[in-house]
Amino acid sequence: MSTYTVTDPRKVTTKRVQTMKQQGEKIAMITSYDYTMASLVDQAGIDMVLVGDSASNVMQGNATTIPITIDDMIVYGRTVVRAVKRAMVLVDMPFGTYQGDPMEAQRNAVRIMQETGADGVKLEGGQLMCQAIKMIMRAGIPVCGHLGLTPQSINQFGSFVTRATEDAEAQQLIEDAKALEAAGCFAVVLEKIPAALATRVTKMLHVPTIGIGAGAGTDGQVLVAHDMLGLNMSFKPKFLRIYNNLGEQIIDSVGNYINDVKNSDFPNENEQY
Ligand code: KIV
């Protein structure tokens, strides 16, 4: 049914995504937060599923990713893992669960892994997070980094504008990317930074980069499923490609259902016992 044909049906692992970088095969990642959507994106042949803390926005209606809790992320993560057979599943560590004591970061990552069954975690930040990353990795947990527009820092940034457009911030991002790789991250998400910088970082690192609003030069791409399927109709940034208009289709379909109920057209004699 999918327009994409999976060539390797085996479960995607950290090793596999690293081989994909080496062989120049692009990595496709998408978000999911529930069983039905996760099952569908897995059947489509996606390589990686991110249980992103963007669930705070698209599932919970919050303006930022700050309010979502580790308990929420565990519920979303567990339902996604239950559905996915082939893709690698990563769960975002939410705001406040890893930025302080590295031991606490490890405990929270262990909890996410134990209670969801995910294949790894993702967290935001560069050099300052390396102690936490090393401690999490000491428990045998794969960690994906996340640089650029890191939404958990929105209150420091003040807006969702493109990051690292100035030399000093671009240089810092390069140092952060090197530090994440040295700390052991198996991949790094690059969000909303200039394409030329993302390409430079991608060439510099041995581990794959996965971009969102970071141009075509990264090793992979990630999009929020609700955005690219047109479910989130108010979010249309320049970097987003919208592949469907499911939001409009749902409103249309439910409207038809309401009309049918109101007109006593549903159910008909074939739809009853
Ligand atoms: O939470 C999320 O969906 C993310 C992606 C946008 C990378 O972190």
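Values in this text are rule-based calculations from the coordinates and carry no lab data. Bear in mind that the values here come from a model prediction, so they are computed numbers and not experimental data. With ideal geometry, Cβ positions are generated from the backbone for all residues, glycine too; neighbour counts draw on all protein chains shown.
Annotations for the structure displayed:
- For the stretch 14-242, projected area of the alpha-carbon convex hull averaged over all directions, nm²: 11.0 nm²
- Remark: for residue pairs K15/K134; K134/K236; K178/K238; K21/K178; K26/K238; K15/K122, the C-alpha separation exceeds 25 Å in K134/K236; K178/K238.
- 0 to 90° range, to nearest 10: angle between helix 167-183 axis and the chain longest Cα axis: 90 degrees
- Under 12 Å, Cβ to Cβ, from R111 - net charge with Lys/Arg +1 and Asp/Glu -1: -1
- Report note on the peptides 47-60, 135-148, 101-114: ranked by the mean count of other C-beta atoms within 10 Å, highest first, their order is 47-60, 135-148, 101-114.
- Projected area averaged over orientations for the stretch 71-205, convex hull of C-alpha atoms, nm²: 8.4 nm²
- Cross-link reach is defined here as a Cα-Cα straight distance under 14 Å, omitting same-chain residues fewer than 8 places apart; for K11 the aspartates and glutamates meeting it are D42, D47, D119.
- Here the Karplus curve 6.51 cos²θ - 1.76 cosθ + 1.60, taken at θ = phi - 60°, turns the phi angles of the stretch 49-63 into couplings of 10, 9, 7, x, 6, 4, 3, 4, 7, 7, 9, 10, x, 7, 6 Hz, with x standing for Gly and Pro.
- Among the GluC sites (Glu not before Pro) within the stretch 132-182, those in coil by DSSP and having at most 12 neighbouring Cβ atoms inside 10 Å are E166.
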